[in-house]
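**Student:** Just dropping this structure here.
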Amino acid sequence: MTADSGSRTLRCALLSTVASGWFTDLLFASPRLKLFALPEDMLELGSAHNPYGLPVLERPDAILLTVTWYAWLEQQGEAVVDRVFARLRQASDAIVALEGLDMFRLRMSPRGIERVDLVLKAQGLYRDPELYNYEVGPSYPGVNWTRKLRRATVQYAREHLEKLRLSLPCFVGTDRAVRARVRRVKAALSPLQRAVRNFGDWVSDIETAVRGSLLTRPTRTVHCTVYLSHIQRLELLVALKRLGVSGLLGVSQVPPHIFGTEHLEDPLPEERLAAVRATIAAHGLSHRPLDRNRFKRTMLQHKAVIAPTGYGEITFRHAEAWAQGRALICQDLSHVETMLPFRDRGNVIFCKPDFSDIGELLRGVEEGTIDWQRIGRQGQQDWQGWIAQRDGLFERGLLRHIEEAMAISRAPDEPFLAEAVG
């Protein structure tokens, strides 16, 4: 790496199909990273693919492309992909793919990984790389997060998986300072709207901190209100209702895409959606959406917060529970490496992936055999200490990896020892 590596601004071109996506948005919150678009005529694709309205730069330090952009490119045919990547190689020192979807499993094709220098994997990395070659995780029906029962259609070789680098989890985006940075690039927001929302976040954080310090003991057991992104969320809520657990339980919205069914990532047929809505109504689980302030206030009334899987195993709810100092209960994540380590009975309470032990755990919370107060305090301390180093998180999770890719590209024939991520 160059002598000024770690201090100079990286000028990177971003290739994306839309101006949204939590991982792509987080790029704009990173220090010493300045984003650009490539000239429209450089790739001859008939579309600028500059949804963020970025300034144009012909020779960036590195090119960052999202997996959805690459999937779109693959649809244009192999000859087009070859031509475009030849031009990308001429335009930059390195090409880095951004795997910013919610789940731990990969979406980029093996051929796509071969074309890039590194792949930044948001959320977390499987400790056992062979899991990438099996149907595990929330996208599939059934509850199988780690068992090697059925091989996936797409298979990755060791040289593909060696290009993966651990990057940021989604819940970095719950931080008030990060949210303010990201809002600066949202063209749909006026300066006044940005100021109002930033002020609202500040007031919300102060209010919940004061309420949390004044509230001596929550009166209810568990908080679990959900957007129904996964069928397990409904199954969990029905089970909690049957157990008679005290707390705020409900479904705020039913989207057309619900993971964990035989329809995989396709929209559910209308008759299936109707059956889901009927189940929600039959168990009294309909709940109106709450604004951010009220949502955080309701968490404070509960001893524990359950963060069930949605479109991915890690959700914003994980950090929201930590921030409020409540005991976080989530499905076992010991099979993955994450930038903020999850420690069972330390900063989190792990349950089984199928929630079969949730009743026993909640009884422990209610009866005091599980020290929810200590776990909640530890989670809050870990979260606050971790996010306070936000610029360092972007260094470790983004910038160092981009610089590593640049070094690999400049010396392709030399062995390179990847720097471990702390």
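The values are calculated or read from the model by the stated rules, or taken from the named source; none is laboratory data. From a predicted model like this one, the values you see are computed outputs, not experimental measurements. A quick note on method: Cβ atoms are made from the backbone with ideal geometry, for glycine too, and the neighbour counts reach across all protein chains shown.
**Student:** Go through the residues of segment 70-93 one by one and say whether even a single one is hydroxyl-bearing (Ser, Thr, Tyr) and in contact with a Phe, Trp or Tyr (Cβ under 6 Å, 6 or more places away or on another chain).
**Tutor:** So far as segment 70-93 goes, no, none of its residues is hydroxyl-bearing (Ser, Thr, Tyr) and in contact with a Phe, Trp or Tyr (Cβ under 6 Å, 6 or more places away or on another chain).
**Student:** Give me the pairs, please: first residue somewhere in segment 217-228 and in a strand (DSSP E or B), second residue anywhere and among the charged types (D, E, K, R) and buried (at least 19 other Cβ atoms within 10 Å of the Cβ), beta-carbon distance under 6 Å, and either six or more positions apart or on two chains.
**Tutor:** Thr221/Lys303; Val226/Arg233
The rows are residues; the columns are (1) in contact (Cβ under 8 Å) with a residue 60 or more places away in the chain; (2) part of a loop (DSSP other than H, G, I, E, B); (3) touching a helix residue (DSSP H, G or I) at 6+ places or on another chain (Cβ under 7 Å).
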position	(1), (2), (3)
Lys303	yes, no, yes
Glu313	yes, yes, no
Met339	yes, yes, yes
Asp354	yes, yes, no
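**Student:** Is it true that some residue in segment 153-173 is modelled with pLDDT of 95 or more, surrounded by fewer than 16 Cβ atoms within 10 Å (Cβ to Cβ) and of a type in the set (Gly, Ala, Ser)?
**Tutor:** Yes, some residue in segment 153-173 is modelled with pLDDT of 95 or more, surrounded by fewer than 16 Cβ atoms within 10 Å (Cβ to Cβ) and of a type in the set (Gly, Ala, Ser).
**Student:** Can Arg150 be described as farther than 23 Å from Thr17 by Cα and either basic (Lys, Arg) or out of contact with any Pro (no Cβ under 7 Å at 6 or more places or on another chain) (or both)?
**Tutor:** Judged against the criteria, Arg150 is a match.
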